[in-house]
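Comments concern the structure below.
The values are calculated or read from the model by the stated rules, or taken from the named source; none is laboratory data. Predicted, not measured: the structure shown is a model, and the values here were computed from it. So basically every Cβ, Gly included, is an ideal-geometry build from the backbone, and we count neighbours across all protein chains shown. Just the protein is used for accessible areas: all its heavy atoms, side chains included, with ligands, DNA and RNA removed. Shrake-Rupley method; radii C 1.70, N 1.55, O 1.52, S 1.80 Å.
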Amino acid sequence: MSLAARIGNVGYRFGSLREVLAKASPARSGDALAGIAAASATERMAARLVLADLPLRRLLDEPLIPYESDEVTRLIVDSHDAAAFAPVASLTVGEFREWLLDEATGEAELAALAPGLTPEMVAAVSKVMRNQDLIAVARKCRVVTAFRDTLGLPGRLAVRLQPNHPTDDARGIAAALLDGLMYGVGDAVIGINPASDSPAALAALWRMLDELIGRFAIPTQSCVLTHVSSQIQAIEAGLPVDLVFQSVAGTEAANAGFGINLALLQEAREAALSLKRGTVGDHVMYFETGQGSALSANAHHGVDQQTCEARAYAVARHFKPLLVNTVVGFIGPEYLYDGKQIIRAGLEDHFCGKLLGLPMGCDICYTNHAEADQDDMDNLLVLLGTAGVNFIMGVPGADDIMLNYQSTSFHDQLFARQTLGLRRAPEFEAWLQTMGLADEHGRLLPPRADHRLLQDLTRGLK
Amino acid sequence: MKRADPWGALAGLTAARIALGRAGASLPTGAVLRFDVAHALARDAVHTPLDLAALAAGWQARQGEAAVIVHSRAGDRHIYLQRPDLGRRLDEDGATRLAALAAGEIDLAIVVADGLSATGVAAHALDLLDELLPRLRGLRRAPLIVAGQGRVALGDEIGALLKARLVLVLLGERPGLSSPDSLGAYLTFAPQAGRLDAERNCVSNIRPAGLPLPLAAARLAWLIAAALTRRLTGVGLKDESDTLLSGGGGSAALPS
């Protein structure tokens, strides 16, 4: 089948699947920077017309990045489940969109299909879907994971407590941590981005979080977001590591830029599993991703940034993560220029990840040189809350003073719960009630100056 | 109405926005407005054009030397933000003029560019150079280059055209909500197009509330001398200015 379409009396011909996917992608600055975006709105639509008629199977049979030269492609091809793919194997991309939206397609069908889908298929179909389609289908997906609490259940929204500090100051971190817990935040993970990479500084953070979680029997997990090799060393050194974190990308070369490969991730997962620290589940991995990472590493092979991002989910999927977080607006305006592009990318990433069977969360965020503001974040929060996102970030006042960007705040998650009726992870919800911080409906109780958590942590800070 | 958080005493332990209280699920009005003021300052730092002529005139007044104004290939702020590649290259006019300016080999070219915070550059760049220049006596310097819509790597092309052994680029850093006026300083030995970030040394967060200007100048002077002596910058040149600046000069462990 030739990759050509006609609009009016102008014919458009595309040289490769890669080119069709890139030109069919909704406009964004990163693809323009890479020189692979459609040159006009009409050319973009021509590419979408071609894509809609493309047999889904062709995306499996013709890898965008050669099998021989990329281990992510090999992982995608070798782990493909043909039996799971069978229900949609004869469809075109356009027909696949309709199959996904059909009322007869529900949670069970989507879960059964996930192992039969490849990143290229979900990226392709997303390009012929509007924002409402991305929400409607993602909302039907259910991905439940567990470690010390259970995440992803229907009607639930979890939050990562992110108490970062520019110098890893223990008292500054503890103050932000307390603030978050008092606001009922922390069921997804308590995760710190350290400023330092010195082993002693990192060890202090792991011990501090372990001590806190243990002392108050908090049903959650900790994570120190440093390089995976440092976390393996920490496990070998006997430190209390709950989750192992790593940023991952969608090509072997981009992952090499992160200093990782699939074998290293496997080693890290096995090390974390060996500690058996989970109580209700053994999902031990926490991955972060974001559109543009492959291009910024000059490792995109001419593949558009949204498709590269979906390929990163194939990497994540292989290691059965507790959490996958697309840090959507962090990378900057040369990849996602404004609020519109950030919102679209957030919905695409959540949709693609969920369809592939991942526990998707989103760092709803922006930097000060992007054309975006708090209103854009409010919009994306409501859209993703409606789409059933597994978790979001909780940063004090939305201002991360270590990473210098704006994310969602402790207040934002309260707003989302109140407006959309979303509850916390059940174990964490029960803990908040036991601690007298929330009532049986999950509503925060008025904070008391003599509360045990407050008294205890404040004493430690003096 | 507004509900206060009874742990306000902890707010002094971190610059993070904690103990804000709430109105329903949302922020109290004062906290919302304080945040938006910080964002406005950061946005204006990115988008306010740097007055290149005023900076050049300020340099002339302080140092009695002429500065040369050039522009990158990014024609305006919106292009600059979306096309980092264009912010790394001189426009044709600038390249021609700098080529004509070049004479024999020199030790150091200094470039001041707007980067992502004109606010930071306008506020601190000349003050930082006031602190730095007395420490650079004896070096062969090119005229100061003032660059519009410039990124770090613009210095590579400038340095190569001026036949500089080393280029120092001072530019505004991406502003955070609490740091709209921060400068970054990047040193690159043997500047030429295509240098990698790993081949540079960086001193960041230069602002009165971050790394104070005199300290930043001392650190840069140390790095400049070390780079010229050892003929390299980047991961191979570790910044050991701390021991020197603290007067230690030895390898004794810091007291903990």
Net charge of Cβ neighbours under 15 Å - reference A:Asp376; Lys, Arg +1; Asp, Glu -1
-4
How do A:Tyr405, A:Tyr67 rank by accessible surface area computed with a 1.4 Å probe, from largest to smallest?
A:Tyr67, A:Tyr405
Share of carbon and sulfur in the accessible heavy-atom surface of region A:329-462 [1.4 Å probe, %]:
50 percent
Here the whole-number average of other chain Cβ atoms within 10 Å per Cβ of B:17-29 is 6
Cα pair distances exceeding 16 angstrom across region B:112-158, given as percent
46 percent
A:Val327: net charge of surrounding residues, Cβ under 13 Å, Lys/Arg +1, Asp/Glu -1, itself excluded?
-4
What ranking, highest mean first, results for peptides B:113-126, B:217-230, A:145-158 when packing means the other Cβ atoms within 10 Å averaged over each residue?
B:113-126, A:145-158, B:217-230
Would you mind putting B:93-105, B:9-21 in packing order, based on average other-beta-carbon counts within 10 Å, highest first?
B:9-21, B:93-105
Among the listed pairs A:Lys127/A:Lys340; A:Lys320/A:Lys340; A:Lys23/A:Lys320; A:Lys340/B:Lys2, those beyond 25 Å (Cα-Cα):
A:Lys320/A:Lys340; A:Lys23/A:Lys320; A:Lys340/B:Lys2
Carbon and sulfur atoms: what percent of the 1.4 Å accessible area of region B:49-246 do they account for?
53 percent
Inter-chain Cβ neighbour average for residues A:172-181, partner chain, 10 Å
5
List, in order, the whole-Hz ³J(HN,Hα) value for each residue of region A:35-48 obtained from phi through the Karplus relation with A = 6.51, B = -1.76, C = 1.60 and θ = phi - 60°; use x for Gly and Pro.
x, 10, 6, 4, 7, 8, 4, 5, 4, 4, 5, 4, 5, 5
Cα-only Debye scattering, the protein assembly as shown: base-10 log of I(q)/I(0) at q = 0.05, 0.08, 0.09 Å⁻¹:
-0.26, -0.67, -0.85
Given N residues in region B:49-246, what is its alpha carbon radius of gyration divided by 2.2 N^0.38 Å?
0.93
Phi angles of region A:268-274, converted by Karplus (6.51 cos²θ - 1.76 cosθ + 1.60, θ = phi - 60°) into ³J(HN,Hα) in whole Hz with x for Gly and Pro, give 5, 5, 5, 4, 5, 4, 5
Within 10 Å of each Cβ in peptide A:404-416, how many partner chain Cβ atoms are there on average? Round it to a whole number, please.
4
When each pair of different Cα atoms in region B:1-130 is counted once in the 1/r mean, what is the Kirkwood radius in angstroms, to one decimal?
18.6 Å
What are the ³J(HN,Hα) values, in whole Hz, obtained from phi via the Karplus relation 6.51 cos²θ - 1.76 cosθ + 1.60 with θ = phi - 60°, for each residue of region A:113-124 in sequence order, with x given for Gly and Pro?
6, 3, x, x, 9, 10, x, 5, 5, 6, 5, 4
Cα-only radius of gyration and Dmax that characterise region A:346-430, units Å
13.1, 41
Of all beta bridges DSSP finds with both residues in chain A, what is the antiparallel percent, to the nearest 5?
30 percent
Order of exposure, largest accessible area first, which applies to A:Arg317, A:Arg459 with probe 1.4 Å
A:Arg459, A:Arg317
Between 0 and 90 degrees, rounded to the nearest ten: what's the tilt of helix A:170-182 against the longest Cα principal axis of chain A?
80 degrees
If each K or R counts +1 and each D or E counts -1, the residues other than A:Ala398 whose Cβ falls under 9 Å of its Cβ total -2
Buried accessible area for the B:A pair, summed, 1.4 Å probe, in Å² rounded to 100?
3500 Å²
Taking the Cα atoms only, what angle lies between the long axis of helix A:305-317 and the longest principal axis of chain A, rounded to 10 degrees?
60 degrees
Given a 1.4 angstrom probe, what's the average accessible area per residue across the protein assembly as shown, in square angstrom?
38 Å²
Cα-based Rg of region A:255-338 normalised by 2.2 N^0.38 Å, two decimals
1.23
Sort A:279-292, B:66-79, A:231-244 by the packing proxy (mean of other Cβ within 10 Å over each peptide's residues), most packed first.
A:279-292, A:231-244, B:66-79
